[in-house]
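Chemist: Encoded as structure tokens, here's the structure I'll be asking about.
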Amino acid sequence: MENESKMSHIEWGLLIGALGTIDLIQIGLDVFLEIGVIANRFIDIFVGMALPFYLHLRGESMSDPKRWIALVATFFAEEIPDVDALPFWCLDGIYYYALWRAKNKVRETTITNPAKNRSAPSDIDKAA
């Protein structure tokens, strides 16, 4: 049985906003060269572990390869000097939100119109 996501649009917005704030803090820390580089590495390690843990707690499946590839790519992009000033964590959150919306759209379609999912008529349909 698949875990049901407990996330809402508002919670996704708050999560993306928090990730954007983390990116802004990291950009600000880049001004302080040596201290900022070291602090940003610790921030990236913390966010890289906390984000999938939080999503898992909220019922989002982290077993999807698309999510793991995005997480690993974001983490390693954040480790590249000068490139780490780009808002990768925020973009990662937006990507996860897009995956969540697509999954919910498919789920809503199958719930509201189950006839589209059948390939052959059942015995009940033949009797009617």
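The values are calculated or read from the model by the stated rules, or taken from the named source; none is laboratory data. A quick note: this is a predicted structure, and the numbers were derived from the prediction, not measured. Cβ atoms come from the backbone with ideal geometry, glycine included; neighbour counts cover every protein chain shown.
Chemist: For residue 52, only one of the following conditions fails: (1) farther than 17 Å from residue 102 by Cα; (2) of a type outside the set (Asp, Glu); (3) touching a helix residue (DSSP H, G or I) at 6+ places or on another chain (Cβ under 7 Å); (4) touching a residue at least 24 places away in the same chain (Cβ under 8 Å). What is its number?
Modeler: With respect to (1) farther than 17 Å from residue 102 by Cα; (2) of a type outside the set (Asp, Glu); (3) touching a helix residue (DSSP H, G or I) at 6+ places or on another chain (Cβ under 7 Å); (4) touching a residue at least 24 places away in the same chain (Cβ under 8 Å), residue 52 is out only on (4).
Chemist: From the list 100, 68, pick out the single residue that is loosely packed, with under 13 Cβ neighbours inside 10 Å, assigned to a helix (DSSP H, G or I) and either under 10 Å from the mean Cα position of the chain (by Cα) or not hydroxyl-bearing (Ser, Thr, Tyr) (or both).
Modeler: Among 100, 68, only 68 is loosely packed, with under 13 Cβ neighbours inside 10 Å, assigned to a helix (DSSP H, G or I) and either under 10 Å from the mean Cα position of the chain (by Cα) or not hydroxyl-bearing (Ser, Thr, Tyr) (or both).
Chemist: Consider only pairs whose beta carbons are under 7 Å apart and that are at least six residues apart or on different chains; among these, list those whose first residue lies in segment 77-104 and is in contact (Cβ under 8 Å) with a residue 12 or more places away in the chain and whose second residue is among the aromatic types (Phe, Trp, Tyr) and buried (at least 16 other Cβ atoms within 10 Å of the Cβ).
Modeler: Close Cβ pairs (under 7 Å, with a partner that is among the aromatic types (Phe, Trp, Tyr) and buried (at least 16 other Cβ atoms within 10 Å of the Cβ)) amount to 78/88; 97/12; 100/12.
Chemist: Being in a helix (DSSP H, G or I) and farther than 17 Å from residue 93 by Cα is true for just one of 13, 48, 17, 36. Which residue is that?
Modeler: Values: 13 fails: farther than 17 Å from residue 93 by Cα; 48 fails: farther than 17 Å from residue 93 by Cα; 17 fails: farther than 17 Å from residue 93 by Cα.
None of the others qualify; the one that does is 36.
Chemist: Let me ask something else. Being at pLDDT 95 or above and not hydroxyl-bearing (Ser, Thr, Tyr): is that true of residue 15 here?
Modeler: Yes.
Chemist: Let me spell it out: the conditions are (1) buried (at least 16 other Cβ atoms within 10 Å of the Cβ); (2) among the hydroxyl-bearing types (Ser, Thr, Tyr); (3) outside any helix (DSSP H, G or I), and residue 61 meets all of them except one. Which number is the exception?
Modeler: Result: residue 61 fails condition (1) only.
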